[in-house]
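> Provided herewith is a single structure, encoded as structure tokens, for subsequent inquiry.
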Amino acid sequence: MTLKIALRDGEKLVVNGAVLRSVGRTELCVENNVSLLRGREIMSPQEASTPAKRLYYACMVAYIDPDGATAHHDEIIEYLRDLIGALASPEAKAVCASFARKVATGDFYRALADCRALINYETVLLSPIDDRTFERVQ
């Protein structure tokens, strides 16, 4: 099945660990299986400044470097253990369990979606009291 991707001018794309940047609006068709991240899904090491973001970064690196996924496994488990120990919400702990299942089966791309939900949850928790919304974080 072909995956069609539209990139804006200057948008980054990581394909199997290689960082590409589009020049002008670009449309790509991916014809086989690759590890692929669009610009908004890419996190720099400097951005990994909270427990959930560190977990995301470690998972992202494991995803774009599938040959090194086992090398990142211990780091992911350590970050997950730290994060789940600090969480009080049963919903957030359920997201951590979902994340762990996906990592255990090597489905790092879908595990990143769980990490984004945890980052949103963490953002709400770390925001000033008057800025918080207590709606369920998706």
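> Taking the stated definitions as given, is ASP74 open to solvent by 30 Å² or more (accessible area, probe 1.4 Å), in contact (Cβ under 8 Å) with a residue 24 or more places away in the chain and of a type in the set (D, E, K, R)? Don't jump to the end; show me each part of the working.
On the way: open to solvent by 30 Å² or more (accessible area, probe 1.4 Å): yes; in contact (Cβ under 8 Å) with a residue 24 or more places away in the chain: no; of a type in the set (D, E, K, R): yes.
Criteria not met by ASP74.
> Could I ask something else about it? Tell me, which residue of segment 51-62 that is open to solvent by 20 Å² or more (accessible area, probe 1.4 Å) and not charged (D, E, K, R) is farthest from LEU125 (Cα to Cα)? Spell out how you get there, then give the answer.
The initial filter retains those residues of segment 51-62 that are open to solvent by 20 Å² or more (accessible area, probe 1.4 Å), namely 51, 53-54, 57, 61.
Then keep just the ones that are not charged (D, E, K, R); that gives 51, 57, 61.
Working: PRO51: 12, TYR57: 20, VAL61: 26 Å.
Filtering segment 51-62 for residues that are open to solvent by 20 Å² or more (accessible area, probe 1.4 Å) and not charged (D, E, K, R), the one farthest from LEU125 (Cα to Cα) comes out as VAL61.
> Confirm whether ASP107 is without any contact (Cβ under 8 Å) to a residue 24 or more places away in the chain and of a type in the set (Asp, Glu).
Numbers: without any contact (Cβ under 8 Å) to a residue 24 or more places away in the chain: yes; of a type in the set (Asp, Glu): yes.
For ASP107, the condition - without any contact (Cβ under 8 Å) to a residue 24 or more places away in the chain and of a type in the set (Asp, Glu) - is met.
> For segment 84-95, state whether one or more residues are modelled with pLDDT under 90, of a type in the set (Gly, Ala, Ser), part of a helix (DSSP H, G or I) and surrounded by fewer than 14 Cβ atoms within 10 Å (Cβ to Cβ).
yes
> Shifting gears a bit: Run down GLU135, GLU122 and say which single residue is at pLDDT below 90 and surrounded by 14 or more Cβ atoms within 10 Å (Cβ to Cβ).
Criteria check complete, one pass: GLU122.
> Moving to a separate point now. Output yes when any residue across segment 8-16 is within 17 Å of ILE64 (Cα to Cα), open to solvent by 80 Å² or more (accessible area, probe 1.4 Å) and free of Cβ contacts under 8 Å to residues at least 24 places away in the same chain, and no when none is.
So in segment 8-16, the residues within 17 Å of ILE64 (Cα to Cα) come out as 12-16.
Narrowing further to those that are open to solvent by 80 Å² or more (accessible area, probe 1.4 Å): 12, 16.
Imposing the further condition that a residue be free of Cβ contacts under 8 Å to residues at least 24 places away in the same chain reduces the set to none.
No, segment 8-16 has no match at all.
> Six or more apart or on different chains, Cβ under 9 Å: which pairs go from a residue in segment 20-34 that's on the phi < 0 side of the Ramachandran plot to one that's charged (D, E, K, R) and open to solvent by less than 60 Å² (accessible area, probe 1.4 Å)? Could you list them?
That search, which allows pairs on different chains as well, returns ARG21/GLU11; SER22/GLU11; THR26/GLU11.
The values are calculated or read from the model by the stated rules, or taken from the named source; none is laboratory data. Computed from a predicted model, the values in this text were never measured in an experiment. When we count neighbours, we look across all protein chains shown, and the Cβ atoms used for this are built from the backbone with ideal geometry, even at glycine. For the accessible areas, the whole protein counts, side chains as well, though only heavy atoms, and no ligand, DNA or RNA atoms are used. Shrake-Rupley method; radii C 1.70, N 1.55, O 1.52, S 1.80 Å.
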